[in-house]
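The values are calculated or read from the model by the stated rules, or taken from the named source; none is laboratory data. Please read these numbers as outputs of a predicted model, since none were measured by experiment. Positions of Cβ are generated from backbone atoms using ideal geometry, with glycine treated the same way; all protein chains shown enter the neighbour counts.
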Amino acid sequence: MGQSCVLLNGDYTFLGLVDWKRAMSLMFAEKVRVLKFSDRVIQGVSRTFRAPAVAVLIKVVRSVYRGRVPFSRRNVMVRDRFTCAYCGTRSHPITMDHVVPRSRGGKTDFDNCVACCRACNQKKGARLPSEAGMPLRRRPWQPTIAEFIRIRLRQSDVYQLLVELGLL
């Protein structure tokens with residue numbers, strides 16, 4: 001995502017991460033108040049600007065509360081921090097593995113899918129981890145919204161900034 005900006009609701013609750021271009025457009029439209037600027041400098045036609053790192057909306061927007069993180073291959077990778085669940089490597093390409101293979105009735109959901117390096121995925125094949133002699137380093141789990149946001153923030157370049165501002 002390049003450089004991200006933390007976007008807070010008008011009541012200072014976390015809304016999400018937006019890229020610096022979206023943050024700049026919100027700033028120029030006077031829809032946000034910038035709490036902290038980043039080191040990124042944007043050269044305009046007649047002057048330079050600093051991109052926002054943390055911005056709060058002027059008004060509170062009602063956000064739809066989602067009880068669960070939606071399942072996707074990308075969200076499995078984020079949950080597992082792009083680390084193989086079998087060997088612990090962060091080599092690329094990283095794939096997704098079904099702990100209980102689909103051919104044996106395994107479901108495609110957070111409780112059965114893990115991030116996996118290509119070598120381990122090929123070695124395991126259509127077997128259970130116990131049959132392949134490949135124990136899981138950690139079990140798959142359905143993350144809550146709060147857990148997922150914390151994981152996502154730790155992976156972004158703004159986590160330390162939020163800690164410094166006392167927001168985490």
- Of the criteria (1) over 30 Å from R118 (Cβ atoms); (2) of a type in the set (D, E); (3) not in a loop (DSSP other than H, G, I, E, B), which one E30 fails: (3)
- Query: Which number in (1) over 21 Å from the mean Cα position of the chain (by Cα); (2) in contact (Cβ under 8 Å) with a residue 24 or more places away in the chain marks the one condition that V76 misses?
  - Reply: (1)
- Query: Taking the condition in contact with a Leu (Cβ under 6 Å, 6 or more places away or on another chain) and of a type in the set (A, V, I, L, M), does L15 pass?
  - Reply: yes
- Message: Exactly one condition in (1) charged (D, E, K, R); (2) farther than 30 Å from P140 by Cα; (3) modelled with pLDDT of 90 or more is false for R40; which is it?
- Response: (3)
- Message: Could you tell me how many of the residues in segment 71-105 are out of contact with any Cys (no Cβ under 7 Å at 6 or more places or on another chain), farther than 16 Å from A132 by Cα and not basic (K, R)?
- Response: 12
- Write out, first by first residue and then by second, each pair whose Cβ atoms fall under 9 Å of each other, whose residues are 6+ apart or on separate chains, and whose first residue, in segment 12-34, is surrounded by 13 or more Cβ atoms within 10 Å (Cβ to Cβ) while the second is at pLDDT 90 or above and in a helix (DSSP H, G or I). V18/L26; K31/S25; V32/A23; V32/L26; R33/M27; V34/A23; V34/M27
- Scan (1) crowded, with 17+ Cβ neighbours inside 10 Å; (2) out of contact with any strand residue (DSSP E or B) (no Cβ under 6 Å at 6 or more places or on another chain); (3) not acidic (D, E) for the single condition R68 breaks and write down its number. (1)
- Message: Please go through segment 43-82 and give me each residue that is among the aromatic types (F, W, Y) and either modelled with pLDDT under 90 or more than 30 Å from W141 (Cα to Cα) (or both), ordered by number.
- Response: F49, Y65
- Message: Checking the conditions here, which among T108, T95 is of a type outside the set (K, R) and out of contact with any strand residue (DSSP E or B) (no Cβ under 6 Å at 6 or more places or on another chain)?
- Response: T108
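Specify the residue that is farthest from the chain's Cα centre (by Cα); the eligible residues are those in segment 1-11 that are surrounded by 12 or more Cβ atoms within 10 Å (Cβ to Cβ) and not polar (S, T, N, Q).
G10
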